[in-house]
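Heads up, the thing below is written out as structure tokens.
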Amino acid sequence: MTAGKLSQQLQQQQQVQQSMCSLKGSLRTLAILTLVSFTYLSFNSLHSSYFSSSSSSIAASSVSLAPVTKKTTIVVEDYDDDEISDLYHSPRVFKLNYEEMERNFKIFIYPDGDPNTFYQTPRKLTGKYASEGYFFQNIRESRFQTQDPDQAHLFFIPISCHKMRGKGISYENMTIIVDNYVESLKSKYPYWNRTLGADHFFVTCHDVGVRATEGVPFLIKNAIRVVCSPSYDVGFIPHKDIALPQVLQPFALPAGGNDVEKRTTLGFWAGHRNSRIRVILARVWENDTELDISNNRINRATGHLVYQKRFYGSKYCICPGGSQVNSARIADSIHYGCIPVILSNYYDLPFNDILDWHKFSVILKEQDVYRLKQILKDIPDNKFVSLHKNLVKVQKHFQWNSPPVKYDAFHMVMYDLWLRHHVIKY
């Protein structure tokens, strides 16, 4: 092979290699451009999709999203200041869930029994049966009741011990009556057996009803109990059961509030010494000059509505448990604008999974009774004013009405039931 031919072959090989390198470079450049373009388009798609879904989601919750600029602004349109206040653990979640509850929640009420039996609505709407009686009446006045059990989310067992107690029936016989009634529902209807009662609930406020149902283990264990005595010693299960506020309506005097300058007494309590904590409270503070502590309920002979008027003049109202952990004094305190001081080692407060009780009450352990006055005096004035203003805002949640009114005690109980029905599967 001559030198000329060898040189020509080398030149050809170099040209081929240069062409290959050029082709590889072009392909690499094309791949990079394609990747960049794809990334850009994907990002744009995700970005627009995100804001599209966010906008529709926010619009559904009455919140509008301002046009996208360097700074995004969320504008609240339809929320009332009270409804989105920090009194609620999750204000917006509460409002949205509440609206969904009002639209969709359905309850099937088992038909009342023979009028001569005890399976019927209590007719009394006063005293210790007030909360229980109002609920029985409100559920029938509301949009939540359905006549079609297949549409129902929950099933209401309408049994009250009010009439039993009036007949002088013993607790043992009350338990037998309740047991027989639930057994009859199980045999007559198919709904209990689907969940073993997990989607059933009953309501009782008086301790008579609590004791009567304690003897029916499957009812206590499986069904949702809406009770005024939410304590461990009566088998209360917080994630399943609901604390019913004990409200003694009608109130003797109008609601108090926005009157902090008139409240000159540091703390007030008057009642019977029917529990250990009440005995200690009376013994330690009965003769104190700054705390108004009375060993017994104020005698009516001392004047008209003297007891109720004491609430109006007090900053804090002491609420120790009595024969049961609950106390109607809490609802009284809220109604009259006196900040409740919960004095209990355990009390699953009504609506405490919805309301932040620390924003409108003082919660203490029983051992704090010995330092009660100092604890209350150490609360700054601005904190007291804040607690009082918040207390006025929650008054509507501790009021029963007939017919029921939005956000009242009945609707708050229904909301608690609505939350619990989501965990039931069958």
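A compact table of results
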item: Selection from region 360-374 of residues that are free of Cβ contacts under 8 Å to residues at least 40 places away in the same chain and either open to solvent by 50 Å² or more (accessible area, probe 1.4 Å) or of a type in the set (D, E, K, R) (or both); result: 363, 365, 367, 368, 371, 374
item: Filtered residues of region 202-226 (kept if within 23 Å of residue 127 (Cα to Cα) and modelled with pLDDT of 90 or more); result: 202, 203, 225, 226
item: Residues being at pLDDT below 95 and open to solvent by less than 30 Å² (accessible area, probe 1.4 Å) - total across region 99-112; result: 2
item: Residues of region 171-184 classified as under 19 Å from residue 214 (Cβ atoms) and open to solvent by less than 60 Å² (accessible area, probe 1.4 Å), total; result: 7
item: Single residue of region 279-296 satisfying the filter (among the aliphatic types (A, V, I, L, M) and closer than 15 Å to residue 313 by Cα) that is modelled with the highest pLDDT; result: 291
item: From the options 181, 134, 129, residue that is at pLDDT 85 or above, in a helix (DSSP H, G or I), closer than 30 Å to residue 406 by Cβ and not aliphatic (A, V, I, L, M); result: 134
item: Long-range neighbours under 9 Å by Cβ, at least six apart or interchain, first residue touching a residue at least 12 places away in the same chain (Cβ under 8 Å) and closer than 22 Å to residue 136 by Cα within region 161-172, second among the hydroxyl-bearing types (Ser, Thr, Tyr) and assigned to a loop (DSSP other than H, G, I, E, B); result: 163/117
item: Residue check, residue 198 under 23 Å from residue 357 (Cα atoms), at pLDDT 90 or above and either hydroxyl-bearing (Ser, Thr, Tyr) or assigned to a loop (DSSP other than H, G, I, E, B) (or both); result: no
item: Answer from 214, 261 - the residue that is more than 18 Å from residue 160 (Cα to Cα) and of a type in the set (Asp, Glu); result: 261
item: Enumeration of residues in region 309-332 that are at pLDDT 90 or above and either touching a helix residue (DSSP H, G or I) at 6+ places or on another chain (Cβ under 7 Å) or not in a helix (DSSP H, G or I) (or both); result: 311, 312, 313, 314, 315, 316, 317, 318, 319, 320, 331, 332
item: Region 348-359, residues that are open to solvent by 50 Å² or more (accessible area, probe 1.4 Å) and outside any loop (DSSP other than H, G, I, E, B); result: 358, 359
item: Pairs with Cβ under 8 Å, 6+ apart, first in region 128-142 and more than 18 Å from residue 327 (Cα to Cα) and among the small types (Gly, Ala, Ser), second open to solvent by less than 10 Å² (accessible area, probe 1.4 Å) and part of a helix (DSSP H, G or I); result: 142/410; 142/414
item: Per-region count, region 142-170, residues surrounded by fewer than 15 Cβ atoms within 10 Å (Cβ to Cβ) and within 27 Å of residue 207 (Cβ to Cβ); result: 4
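Yes/no matrix, rows are residues, columns are (1) closer than 17 Å to residue 243 by Cα; (2) outside any helix (DSSP H, G or I); (3) open to solvent by 10 Å² or more (accessible area, probe 1.4 Å):
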site: 334; (1), (2), (3): yes, no, no
site: 346; (1), (2), (3): yes, yes, yes
site: 376; (1), (2), (3): no, no, no
site: 389; (1), (2), (3): no, no, yes
site: 407; (1), (2), (3): yes, yes, yes
site: 411; (1), (2), (3): yes, no, yes
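Okay, residues lined up against (1) open to solvent by 10 Å² or more (accessible area, probe 1.4 Å); (2) aromatic (Phe, Trp, Tyr); (3) within 22 Å of the chain's Cα centre (by Cα):
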{"residue": "202", "(1), (2), (3)": "no, yes, yes"}
{"residue": "208", "(1), (2), (3)": "no, no, no"}
{"residue": "211", "(1), (2), (3)": "yes, no, no"}
{"residue": "216", "(1), (2), (3)": "no, no, no"}
{"residue": "229", "(1), (2), (3)": "no, no, yes"}
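Residue by residue, here is whether (1) in a helix (DSSP H, G or I); (2) of a type in the set (Phe, Trp, Tyr); (3) free of Cβ contacts under 8 Å to residues at least 40 places away in the same chain; (4) surrounded by fewer than 18 Cβ atoms within 10 Å (Cβ to Cβ) holds:
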site: 236; (1), (2), (3), (4): no, yes, no, no
site: 240; (1), (2), (3), (4): no, no, no, yes
site: 250; (1), (2), (3), (4): no, no, no, yes
site: 267; (1), (2), (3), (4): no, no, no, no
site: 279; (1), (2), (3), (4): yes, no, yes, yes
site: 292; (1), (2), (3), (4): no, no, yes, no
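The values are calculated or read from the model by the stated rules, or taken from the named source; none is laboratory data. Quick caveat, the model's predicted, so the values are computed rather than measured. FYI the Cβ positions are ideal-geometry reconstructions off the backbone, even for glycines, and counts take in every protein chain you see. All accessible areas refer to the heavy atoms of the entire protein, side chains included, with ligands and DNA or RNA removed. Shrake-Rupley method; radii C 1.70, N 1.55, O 1.52, S 1.80 Å.
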